[in-house]
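Worksheet: the structure to be examined is printed underneath.
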Ligand code: SAM
């Protein structure tokens, strides 16, 4: 019998520990262990990896990650009510599960792990985007993590993988695709969760690229993209005019028509634009 089979079913865990779902904590639990194992498998072969899990809750995905062979799981959970349930899992997998009781936005536990490191989670929706942006914008690149396997609202997942020309294309797509390979690997209807959220969800898998896809200074690229999408319906010569007095010329040098709009421009051109702006700023 494997360790996962010695643990009580998740519905029983929730009843025993009084884990009524709290909306403020984004608690939409996954109680089907086949499903949580399937999500864990999207993170790839975990046998030689340490995994950081954000928001383990009653531990459905945690069990999946451990059953799929993760060397170690470090789980950060804000809700103290979940800790006894997680302690039961830790006892079933001696030495392989460590739980930090805290806020994932305030603790930075990556330093506690040994590479290769993967990050996984059925994230609380209110902090998912902020965590993703933090993981994609560390001071140094490549990051300490190899991959991210994360549940988002479907609409956010689509923004991460969006291509130029689509309504979902914007800062999140550019940031994610500049530094990672991003794919939607699973779609989940609201009924997969207890309680069901109002919207559908999707799991996105991001693999870190050894180097950003095209050279550019991160701060300049980020400024360009923020200005371009802040007024996404405007022509770029108008939305970017604050960046340089000769912005129309620079756009043309980057292969962008000054009358184009942000959502038509591929990542490569935004990077070219960032490099030209950097060169111009460096000129005496
Ligand atoms: N992983 C569990 C599952 O799939 O059933 C629970 C997922 S639930 C969508 C999100 C979890 O994140 C909850 O357990 C919630 O308490 C926890 N959480 C919410 N805000 C958090 C934060 N700031 N830091 C860490 N955990 C948080």
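I'd like the full set of residues that are within 8 Å of the ligand (Cβ to nearest atom) and either part of a helix (DSSP H, G or I) or exposed (fewer than 13 other Cβ atoms within 10 Å of the Cβ) (or both), limited to the range 14-37.
Residues satisfying the conditions are 22, 25, 36.
So if I check each of 41, 63, which one is assigned by TED's automatic domain parsing to the domain that holds residue 192, within 11 Å of the ligand (Cβ to nearest atom) and assigned to a helix (DSSP H, G or I)?
The conditions single out 63.
Would you confirm, using the coordinates I've provided, whether residue 52 is within 13 Å of the ligand (Cβ to nearest atom), under 19 Å from residue 194 (Cβ atoms) and touching a strand residue (DSSP E or B) at 6+ places or on another chain (Cβ under 7 Å)?
No; evaluated as a whole, the condition is false for this residue.
Yes or no, residue by residue, for (1) without any contact (Cβ under 8 Å) to a residue 60 or more places away in the chain; (2) in contact with a helix residue (DSSP H, G or I) (Cβ under 9 Å, 6 or more places away or on another chain); (3) surrounded by 14 or more Cβ atoms within 10 Å (Cβ to Cβ); (4) within 29 Å of residue 146 (Cβ to Cβ):
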residue	(1), (2), (3), (4)
214	yes, yes, yes, yes
225	yes, yes, yes, yes
234	yes, yes, yes, no
265	no, yes, yes, no
278	no, yes, yes, no
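For residue 194, only one of the following conditions fails: (1) at pLDDT below 95; (2) within 16 Å of the ligand (Cβ to nearest atom). What is its number?
The failed condition is (1).
Can you confirm whether residue 77 is more than 25 Å from residue 22 (Cβ to Cβ) and without any contact (Cβ under 8 Å) to a residue 40 or more places away in the chain?
Spelling it out, it is not the case that residue 77 is more than 25 Å from residue 22 (Cβ to Cβ) and without any contact (Cβ under 8 Å) to a residue 40 or more places away in the chain.
The values are calculated or read from the model by the stated rules, or taken from the named source; none is laboratory data. Source: prediction; values computed, not measured. All Cβ positions, even for glycine, are placed from backbone atoms using ideal geometry, and neighbour counts span all protein chains on display.
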